Amino acid sequence: MAPALGLCALAMVSWWYQHSRGWRSWPVIWKTVLGSLAAARITFVLQNAADYLADPLSIANLGDGGFSDAAGILTALVLGLHLTARSGTPRRPLLAAFVAGAVAWTGGAIATAGLGPRSTPLPLVALKRLDGTPVQLHALAGKPMVVNLWATWCPPCRREMPALEEAQRRYPGIRFVFINQGEDAATIQAFMAQQELGLGNVFTDRARQAGRRTGSFAMPTTLFYDKDGRLVLRHMGELDRDGLDRRLEKFMTGSAGQR
């Protein structure tokens, strides 16, 4: 939904400038979009070469969500400036189109997360333990589960980790699952050692499939699933101890009512 809204907004702004001002920016826009997507994909594949070399055909599977955001954004900026300078296209319609697309994409992502069905089942997502063992997310169902989407570079994620670690100890009836978005096992292990965290059930998700398939486009996001794997509660943003306890008590009360 969100990507489609972003592309529609981008195309509509470009169309408006062409018909109202006579500024034809669409050729520059689509070349920039395609170039940035290609750069984002190639960069991600190179960063995860070992995984893709084991199955070369998976490089063409764009549905795995493997794109480097930094490479895509940098390429869009450089390529957009180059193409506008070479073609003589005014920069204003190009900038306006991309801003509109970004706003629509972000708004769609927030709407999807906030207004989507609360009973969404666990998605099919392939994860890896820190030792490289593959695990399917849905295989972890069977008891109430809290799924935390996080990254080591995310300050709110780092701040809420002690509260989540404590909750994991205090609520043995809940399975806590920590799915790192986009980073490798070595980075995660170094962070946990530095912070002296003893978290269990920590997984890597280099392609950030969990975030995309749950409609979670901000970090941290914490998802509460019942024992049957249905989403019953979602929280976007940092959780402190009091806020986490309130949600866990509400979550456990609802889970107990299902028995």
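The values are calculated or read from the model by the stated rules, or taken from the named source; none is laboratory data. Just so you know, these numbers come straight off a predicted model, no measurement behind them. Every residue, glycine among them, receives a Cβ derived from its backbone with ideal geometry; neighbour counts consider all protein chains shown. Heads up: the accessible areas ignore ligands, DNA and RNA and are worked out on the full protein's heavy atoms, side chains in. Shrake-Rupley method; radii C 1.70, N 1.55, O 1.52, S 1.80 Å.
Tabulated data for the structure shown
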quantity: Residues being under 18 Å from A210 (Cβ atoms) and buried (at least 19 other Cβ atoms within 10 Å of the Cβ) - total across segment 153-173; calculated: 4
quantity: Residue match in segment 118-133 (condition: open to solvent by 60 Å² or more (accessible area, probe 1.4 Å), in contact with a strand residue (DSSP E or B) (Cβ under 9 Å, 6 or more places away or on another chain) and modelled with pLDDT under 70); calculated: yes
quantity: Meets criteria (surrounded by fewer than 20 Cβ atoms within 10 Å (Cβ to Cβ), touching a residue at least 12 places away in the same chain (Cβ under 8 Å), under 17 Å from V135 (Cα atoms) and in contact with a strand residue (DSSP E or B) (Cβ under 9 Å, 6 or more places away or on another chain)) for G200; calculated: yes
quantity: Segment 241-253, subset of a type in the set (D, E, K, R) and free of Cβ contacts under 8 Å to residues at least 40 places away in the same chain, residue least open to solvent (accessible area, probe 1.4 Å); calculated: R247
quantity: Residue within segment 160-170 that is assigned to a loop (DSSP other than H, G, I, E, B), in contact with an Asp or Glu (Cβ under 8 Å, 6 or more places away or on another chain) and within 30 Å of S68 (Cβ to Cβ) present; calculated: no
quantity: Condition met for A186 (under 17 Å from P123 (Cβ atoms), open to solvent by 60 Å² or more (accessible area, probe 1.4 Å) and among the hydrophobic types (A, V, I, L, M, F, W, C)); calculated: no
quantity: Neighbours by Cβ (under 9 Å, 6+ apart or cross-chain): first from segment 217-240, of a type in the set (D, E); second part of a strand (DSSP E or B) and open to solvent by 40 Å² or more (accessible area, probe 1.4 Å); calculated: D226/V232; D228/P121
